[in-house]
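Please read the structure below before turning to the comments.
The values are calculated or read from the model by the stated rules, or taken from the named source; none is laboratory data. What you are looking at is a predicted structure, and each value in this text was computed from that prediction instead of being measured. Neighbour counts are summed over all protein chains in view; Cβ atoms, including those assigned to glycine, are modelled from backbone coordinates with ideal geometry. Accessible surface areas use protein heavy atoms only, side chains included; no ligands, DNA or RNA. Shrake-Rupley method; radii C 1.70, N 1.55, O 1.52, S 1.80 Å.
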Amino acid sequence: MSSDTAAVRRSRRPHIDMQALAIFIAAAAIFIILGVLNSNFLTIGNLRDVLVSACVNALIGIGLTFVIITGGIDLSVGSIASLVGIVSANLMVNSGVGAIPALLVGMALGFAAGVVNGLLITLLKLPPFIATLGTMSVYQGLAYVATDGKPVYNVPQDFVLLLNSYLGGVPIVVVVVVVAAVLAWLLLRRTVFGQNVIATGGSEETAWLSGVRVARVKILVYALSGMLAALAGLVIVARISAAQSSAGAPYLLTAIAAAVIGGANLMGGEGRIAGTLVGALILGALTNGLTLLNVPSFYEQIVVGLVVVIAVAIDQGSKGDWWGLRRGGRRNRSEPAPAAPPPAGTTDKSVGSRASR
């Protein structure tokens, strides 16, 4: 048998993504450890609470996964969730708008807020960090202005039951997250748009030269992120039967953490919907488990920070990126590629002038 034939057969063997597998193993280990430390953790009722508590981070994290794959970041998602929640609740309580119309208005508002982010980044060429840092403040301010900073109580029961009830013993919000995750996975892995998102994150210039409308892809990605953040804000309103102007703010960092723990590469080009779900589940389990163990709540932030640092360190280590090196001598994505040798007959002066452009 020739070496070429052997190579072809080896390439046909199923490939196991060790990084993705490690995330699932880590999640299982965390559940087992917490179950050993507190026997109430692995009860059906408590596991259901863990799922529900992970849903908001999962929804925001799914949208952020698309953004991070393109090499961007969206710091405004928490403020969008707050703004949408307060506006939709205000429409229902003070204007008599029905539950479904209020939900649709909220989703449209989140979509529009995301489009604004995308336009700032593509048309004004602002760095995603700066653009969304600015809109984070603007959207949060609008959330306070909408009701003069006052909470909105007495949200109609129809809306509460829409997102905070059970379907065959399963919380509806869990069903919503599963449906959103499946649709997001199909969009990312089975459509041309999804391939364009990945290509944009890999190299914008290469994607543009290949015919990808990079600006449109970015705008749509931020719009998707805004819409999912809006849905998360509506879920928060349904869970507490009220709306607060800053209710979505605490979920910004945890949602980013969920995406990063799930394997999203902050340099762009990589991200997994399933990984983000597992990341959100890990954070939900840690929060729930620490509460059962009577650990003070402010220690949760320390634990989340450590988990994120460890996850990123493992991710970089698996790629050989510690100290700027990769396996096989490949350079880190963040480092400039070595200059190509000048063609024969080219003078040093011409090379220098071309390099300076």
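What does the C-alpha gyration tensor say about the overall shape of the stretch 224-295? Classify as rounded when a/c is under 1.5, otherwise prolate if a/b is larger than b/c, or oblate.
Working: a/c = 2.33, a/b = 1.18, b/c = 1.97.
Because a/c hits 1.5 or more and a/b fails to exceed b/c, the stretch 224-295 counts as oblate.
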Would you mind computing Rg(Cα) / (2.2 N^0.38 Å) for the stretch 137-209, counting N as its residues? 1.76
For the stretch 31-42, what does the Karplus curve 6.51 cos²θ - 1.76 cosθ + 1.60, with θ = phi - 60°, yield as ³J(HN,Hα) per residue in whole Hz, taken in order and with x for Gly and Pro? 5, 5, 4, 5, x, 6, 6, 8, 5, 6, 5, 8
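Quickly rank 273-286, 163-176 as a protection proxy: mean count of other C-beta atoms within 10 Å, highest first. Before the final figure, lay out the partial values.
Numbers: 273-286: 24.9, 163-176: 15.4.
Answer by packing, highest mean first, reads 273-286, 163-176.
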HN-Hα J in Hz across the stretch 49-63 - Karplus 6.51, -1.76, 1.60, θ = phi - 60°, x for Gly and Pro: 5, 4, 4, 5, 5, 7, 5, 5, 4, 5, 4, 5, x, 4, x
How much solvent-accessible surface does W185 expose, in Å² to the nearest 10, with a 1.4 Å probe and all protein chains in place? 110
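How large is the accessible surface per residue of the stretch 17-121, computed with a 1.4 Å probe and reported in Å² as a whole number?
Values: 3810 Å² over 105 residues.
For the stretch 17-121, the solvent-accessible area averages 36 Å² per residue.
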Three-way shape label, the stretch 132-255, alpha-carbon gyration tensor, a/c 1.5: oblate
Can you give me the long-range amide H partners of Y166? Hydrogens built in the peptide plane at 1.01 Å from N, cutoff under 5 Å, separation of 5 or more residues or another chain. I172
Would you mind classifying the stretch 54-100 by shape? Square roots of the alpha carbon gyration tensor eigenvalues, ordered a ≥ b ≥ c; an a/c under 1.5 is rounded, otherwise it is prolate if a/b is larger than b/c and oblate if not. prolate
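Let me have the relative contact order for the stretch 81-225, percent, based on Cα pairs under 8 Å that are six or more residues apart.
On the way: 119 pairs, mean separation 46.3, N = 145.
It comes to 32 percent, rounded to a whole number.
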Once all protein chains are kept in place, M136 shows an accessible area at probe 1.4 Å, nearest 10 Å², of 60
If you find the alpha carbon centre of the stretch 33-63 and of the stretch 92-142, how far apart are they in angstrom? 29
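Got a sec? What order do F41, F111 fall in by accessible area at 1.4 Å, biggest, i.e. largest, first?
So, going from the largest accessible area down, we get F111, F41.
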Please compute the modelled spin-label separation between S241 and A313, points set 7 Å along Cα→Cβ, answer in nm with one decimal. 4.5
Rank D74, D49, D148 by accessible area, highest first, at a 1.4 Å probe radius? D148, D49, D74
